[in-house]
Number of protein chains: 2
Amino acid sequence: MDDKVSLLCYSSDMSPFAYTPDAVVFPRSREDVVEVVKYASESQTPIIPRGAGTSVTGAILPRRGGVILDFTRMSSIKEVRAEDLVAVVEPGVVLDRLNAELAKHGLFFPPDPGSSSACTIGGMVGTNASGVRAAKYGTTRNWVLGLEVVLASGEVVRTGWPVVKHSTGYDLTQLFVGSEGTLGVVTEAVLKLAPIPPYRVTVTMFFDELGLAGRAVTEILLSGVRPAAMELLDRTCLSVVNEVFKLGLPSREGFIVLELDGTKGSVEEELRKVKGVADKLGAKDCSWTDDPKESLRLWAARKALVPALAKVKEGHVLVPLAEDPSFPISEMEGAIRDFQALGAKYGLTTATFGHAADGNLHPVMIVDPADPGQWGRMLRMEEEIFKSVLRRRGALSAEHGIGISKAPFARRALGGGLEVMRSLKRALDPKGILNPGKMGLDVESREDPGNLLYAYLSRLRGELQALRRAYEAVRCFRCGFCRAVCPTFNYFFVESKGARGRVILSYYFLGGLVEASEALRQAYDQCTLCGHCVQVCPPGVKVVDIVEQMRRDLAAKGFINSVHRALGENILKYGNIYGLDNAARGELAKELRGG
Amino acid sequence: MDDKVSLLCYSSDMSPFAYTPDAVVFPRSREDVVEVVKYASESQTPIIPRGAGTSVTGAILPRRGGVILDFTRMSSIKEVRAEDLVAVVEPGVVLDRLNAELAKHGLFFPPDPGSSSACTIGGMVGTNASGVRAAKYGTTRNWVLGLEVVLASGEVVRTGWPVVKHSTGYDLTQLFVGSEGTLGVVTEAVLKLAPIPPYRVTVTMFFDELGLAGRAVTEILLSGVRPAAMELLDRTCLSVVNEVFKLGLPSREGFIVLELDGTKGSVEEELRKVKGVADKLGAKDCSWTDDPKESLRLWAARKALVPALAKVKEGHVLVPLAEDPSFPISEMEGAIRDFQALGAKYGLTTATFGHAADGNLHPVMIVDPADPGQWGRMLRMEEEIFKSVLRRRGALSAEHGIGISKAPFARRALGGGLEVMRSLKRALDPKGILNPGKMGLDVESREDPGNLLYAYLSRLRGELQALRRAYEAVRCFRCGFCRAVCPTFNYFFVESKGARGRVILSYYFLGGLVEASEALRQAYDQCTLCGHCVQVCPPGVKVVDIVEQMRRDLAAKGFINSVHRALGENILKYGNIYGLDNAARGELAKELRGG
């Protein structure tokens, strides 16, 4: 696929970066991948593996051009061996679909990123994704037993075995996990599974001070409780989930929601301990539920929090930079205070939430990307967040990866380790064709992210109507939740035929990057206007309005469906015959036949 | 250290291989290590890191000569940050000592190899060691958050962070873990810790058929129970632990001992499920205990099983080859049957036990190493065990590593992965100075292990008395349990001044590899004959007898302590003055002074 309209839809992810590929290829088999990689190797063309396009760091963007390998069509669940607690899958399988299949066997694949309805196993392997359950269940790497990988040479290797422990050679599986597609292209994964715990409760509690909530997290962990998930939200986040999901939760400075799972007896014991900590620290409204529906509602709200934050402030977007550090448990409280102080210092709208049980905080900055003042303050705050991370012995990224966005900070975080990574990269990809420009491997700088995706906003200054429409389009966070429900996407499996692609295209159209064309018309024409995308869209982007407006714009420029055009011309010529009653229509038909 | 007597004590591990180093260095700091590595790099000298010398595969032997870096003197626990569940340690710290220290904080480091009283964290990192608790707690790699590593260039890098999750660059930590010292020398480890579970029970059950025991393991796992440990022993193993530890357990074909840990409520729920499986499969004598002493006795017996197997048959030793495969759970029952059939086919005394909950079986072959017929059959059986492993999609080694012993099988097991490993090795150690000759990296063959350590037995044929003494010496399995208790070893921290070294030296002395000398005399002279080593020695090697006999042999050749010699000469000259009463002795003293 190499037409401009299609390619533009592959130019962005959840980050503020944007680079357009030269082509997108949709492999259906390992052999397809080998062929592409061999071609790329001979022609020195960059290749960039991509799952659902929900990367937060630019890791899946073709920074140096090249070919995107989109694994959407390579998504079969090849084998579930329940007795061995093992599944074998292709990289394009979507996490929620895998877990629905595994549930039939009473099993699940524990890593659980917020993007579970869209994200693929391949993407999770590339970034070592995790999410809310990491404290108890670990990250993706803990659940990958083996991989099939196409190396830069086109050679295929298998790593690992379907066994839970081995000491047989270097752990190549773990080298590939989290390497963001820079060392090889994964074409199959052997996953470890866990039995679904028989009993689960969700506990919520509120605090009048965010620091107290941080303290509660530490004390719960030290009490020996192992929460399956434990999330901490500040007032901003709490109000967003309240508003978007109508949860009716009390409005306080700190909110903790946690899940306990296991046998009923063990969960009840843990619940008593959690309540003990809540009482001791003066939590407000501590309550719990074992009703799966109620729990699901709370967790769905939490999972959709990031995209929903895009709704906080009119004409502002959530820019994910420095969005994913992790800290030693004892540093969390201090780190939260750092973020609050920095938000105040730089006068930015900020929010903090995180997978508190594993020290992973998500500080969030919400800015008007077209305002150079805010943008500059945001970049200075990013720098200071990372200083806080390094001072507190934290890691740059807990689960999103380095990609493009954190590359300028890689050296400070990794020290000599960056040179070791480079040696390994050269050893496995001497020509540098595998996802170049990422992780600080071959380039440690980045373009000003303000000059990429958001640049078109600045260009639209003065064109109020178009600017307003462009802001609506960039409220789309590219989270890809709509991929799961869009009927045309799920027929074609091509971004330009799906809701997210249509929003992206409308933005580029307004910005003047793409012109009215037959291809563009088709992208909008095929939309069924069913509105499912709007229902699952956390920031509630008005996709249907966008599509209808684009159809009008394109029609105004002469691009119109041939059937519609014929129909219109017909009406202009003969009047609206569908307005006539049956008898009169019959007469008219006779007349036309006669004439 | 470079005298022959001292060096010979570093020529063996638990494997049948033997290679003598050119020197042994005892670093006390990172700087010492850097200096040695830089010297080695300049002079192209192999360097071999070593912990307690309990490797089972020859991984710590200087196959190409060179310098052993013995970390015994670099063993401090630098930091325990209880709140973060993190400890920072030097590589030479012994596991049991670490856990004793952590227990003061209510914490523990879960990986738990049988050699815990001797083995060091550095060695565990090198081999990704695990042991009985891996099913629930994973292997060493799951508990290592970061490392300080001296690279082949002498450069020092730090990997990882004291956080439980990260996606910040290639996971270098996991690349070094399990790399058997071939990629870098670890000088510090940041470990993840767990709270000690409040309640533990040990369950035992017996079966009339070994396959049924294998079935029980599978069913227990599929019932959702997560045993902290679950071990399976066949009749041979059961009788050994019964005999050595006087446990008085019933004699049956299959024995399962498992540990459940957690809160009291959860353990009780799991216990009900385990009993259900036992009833269903007709287990005999299923019983349980929550008495820590009773549990400890059972588990101590299990942990000492391997060395104790050396006692099964007079004049026979346990040769650890193909001793450590792991299997998918569903293949375990079949694998056990394979081993039994192979033992019968080759007419060898075999035993099977294993960490059943994680598919790790330890098939054991017990042979007279001086009998070429048995030796040849053992090597053919080894080959067939690995065929069974590959056919059943298992891994060559679950926890011991490849080292020298499994190198000839590495290519079949790893396929193209071996070439990937070689690329990585070349990238990080271009001169090949780090532990060369291991893992199939630079050489895939091995010398006939019968021509190494055990060769001296064949040479002694005909000298019945010496042969008998040599067999007693090779009953020593080099497990190193005596390191923890030997008073002279714990003063000098040098093998030749400890029980294990004295046994090894006696063997080489009998075999003619080392001659009587002043240095050899010193090794035996310093022994206090306290006999602690005999008490902790699982095969019960008569170390005190060996030392006394060696003293006599050396004295006969004129090597005798100067004090003892003076005393003896004195007695010969003046008679035994200590036989006189005090008054007479006083008179004699006056006389001598006068003369």
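Let's see how each residue does on (1) at pLDDT 95 or above; (2) surrounded by fewer than 23 Cβ atoms within 10 Å (Cβ to Cβ); (3) more than 27 Å from B:Asp324 (Cα to Cα):
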| position | (1), (2), (3) |
| --- | --- |
| A:Gln174 | yes, no, no |
| A:Ser179 | yes, no, yes |
| A:Gly184 | yes, no, yes |
| A:Lys192 | yes, yes, no |
| A:Leu233 | no, no, yes |
| A:Leu247 | no, yes, yes |
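Only one residue in B:Val536, B:Val544 is touching a Leu at 6+ places or on another chain (Cβ under 8 Å) and under 30 Å from B:Cys479 (Cβ atoms). Which one? Answer to the check: B:Val544.
Summed over the range A:32-66, the residues that are outside any strand (DSSP E or B), touching a strand residue (DSSP E or B) at 6+ places or on another chain (Cβ under 8 Å) and not small (Gly, Ala, Ser) give a count of 10. Of all the residues in the range A:371-408, those that are farther than 27 Å from A:Ser458 by Cα and outside any loop (DSSP other than H, G, I, E, B) number 7.
Being without any contact (Cβ under 8 Å) to a residue 12 or more places away in the chain and surrounded by fewer than 24 Cβ atoms within 10 Å (Cβ to Cβ) is a property that does not hold for B:Glu384. In the range B:169-191, of all residues being of a type in the set (S, T, N, Q) and touching an Asp or Glu at 6+ places or on another chain (Cβ under 9 Å), the one that is nearest to the other protein chains (Cβ to nearest Cβ) corresponds to B:Gln174.
When A:Lys275, A:Lys313 are checked against the criterion of being touching a strand residue (DSSP E or B) at 6+ places or on another chain (Cβ under 7 Å), of a type in the set (D, E, K, R) and modelled with pLDDT of 90 or more, A:Lys275 stands alone in meeting it.
Across the range B:462-495, which residue is nearest to the chain's Cα centre (by Cα) among those that are among the charged types (D, E, K, R) and closer than 15 Å to B:Asp545 by Cα?
Per the stated criteria, the residue is B:Arg475.
For A:Asp291, are the conditions met, namely being more than 30 Å from B:Arg272 (Cβ to Cβ), at pLDDT 85 or above and surrounded by fewer than 18 Cβ atoms within 10 Å (Cβ to Cβ)? It is false that A:Asp291 is more than 30 Å from B:Arg272 (Cβ to Cβ), at pLDDT 85 or above and surrounded by fewer than 18 Cβ atoms within 10 Å (Cβ to Cβ). Does B:Asp279 qualify as being out of contact with any Lys or Arg (no Cβ under 9 Å at 6 or more places or on another chain) and over 20 Å from B:Lys311 (Cβ atoms)? Judged against the criteria, B:Asp279 is a match.
Cβ-Cβ contacts under 9 Å between residues 6 or more apart (or on different chains), taken from a first residue in the range A:259-287 that is under 17 Å from A:Glu231 (Cα atoms) to a second residue that is among the acidic types (Asp, Glu) and surrounded by fewer than 16 Cβ atoms within 10 Å (Cβ to Cβ), are listed as A:Lys284/A:Asp208; A:Cys286/A:Asp279. Of the helices (runs of 4 or more DSSP H) that lie entirely inside the range B:496-544, those containing 3 or more residues that are crowded, with 19+ Cβ neighbours inside 10 Å and within 19 Å of the chain's Cα centre (by Cα) span B:499-511. For the range B:457-465, the condition of being at pLDDT below 95, surrounded by 23 or more Cβ atoms within 10 Å (Cβ to Cβ) and either within 14 Å of chain A (Cβ to nearest Cβ) or in a helix (DSSP H, G or I) (or both) holds for at least one residue.
Scanning the range B:409-431 for residues that are assigned to a loop (DSSP other than H, G, I, E, B) and within 9 Å of chain A (Cβ to nearest Cβ) turns up B:Gly415, B:Gly416.
Applying a threshold of 7 Å to beta carbon distances and a minimum spacing of six or more residues, or different chains, the list of pairs starting in the range A:345-359 at a residue that is within 14 Å of chain B (Cβ to nearest Cβ) and assigned to a helix (DSSP H, G or I) and ending at one that is buried (at least 21 other Cβ atoms within 10 Å of the Cβ) and of a type in the set (Ser, Thr, Tyr) reads A:Asp358/A:Ser326. Conditions: (1) under 19 Å from A:Gly403 (Cβ atoms); (2) in a helix (DSSP H, G or I). A:Arg446 meets all but one. Number of the miss? Result: A:Arg446 fails condition (2) only. Look at (1) of a type outside the set (A, V, I, L, M); (2) more than 7 Å from every other protein chain (Cβ to nearest Cβ); (3) within 23 Å of B:Ala335 (Cα to Cα); (4) not in a strand (DSSP E or B) and you find that B:Glu231 fails only one, number (4).
Taking every residue in the range B:570-582 that is within 15 Å of B:Leu592 (Cβ to Cβ) and pairing it with any residue that is of a type in the set (Gly, Ala, Ser), at least 6 positions away or on another chain, the pairs with Cβ-Cβ distances below 9 Å are B:Ile577/B:Ala584; B:Ile577/B:Ala589.
Checking each residue of the range B:71-81 against the condition of being under 17 Å from B:Asn435 (Cβ atoms) and either within 14 Å of chain A (Cβ to nearest Cβ) or crowded, with 19+ Cβ neighbours inside 10 Å (or both) gives at least one match.
Considering every residue within the range A:21-31, establish whether at least one is assigned to a helix (DSSP H, G or I) and either at pLDDT 95 or above or on the phi > 0 side of the Ramachandran plot (or both). Within the range A:21-31 (the criterion being assigned to a helix (DSSP H, G or I) and either at pLDDT 95 or above or on the phi > 0 side of the Ramachandran plot (or both)), the answer is yes, since at least one residue qualifies. Consider the range A:158-193 and keep the residues that are in contact with a Phe, Trp or Tyr (Cβ under 8 Å, 6 or more places away or on another chain) and in a loop (DSSP other than H, G, I, E, B). The one that is farthest from B:Ala59 (Cα to Cα) is A:Leu193. Residues of the range A:126-166 that are at pLDDT 95 or above and among the small types (Gly, Ala, Ser): A:Gly126, A:Ala129, A:Gly146, A:Ala152, A:Ser153, A:Gly154, A:Gly160. Scanning the range A:192-212 for residues being at the interface with chain B (Cβ under 9 Å from one of its Cβ atoms) and touching a helix residue (DSSP H, G or I) at 6+ places or on another chain (Cβ under 6 Å) gives a total of 0. Looking across the range A:100-125, just one residue is of a type outside the set (A, V, I, L, M, F, W, C), at pLDDT 95 or above and within 19 Å of A:Val536 (Cα to Cα), and that is A:Thr120.
Residues in the range A:196-227 that are charged (D, E, K, R) and assigned to a helix (DSSP H, G or I): A:Arg215, A:Glu219. Taking the range B:84-157 as the region of interest, the helices (runs of 4 or more DSSP H) fully inside it that hold 1 or more residues being more than 14 Å from chain A (Cβ to nearest Cβ) and not charged (D, E, K, R) are B:95-103, B:121-127.
The values are calculated or read from the model by the stated rules, or taken from the named source; none is laboratory data. Everything quoted here is computed from the prediction, not taken from an experiment. Don't worry about glycine lacking a Cβ; one is built from the backbone with ideal geometry, like all the others, and counts go over all protein chains shown.
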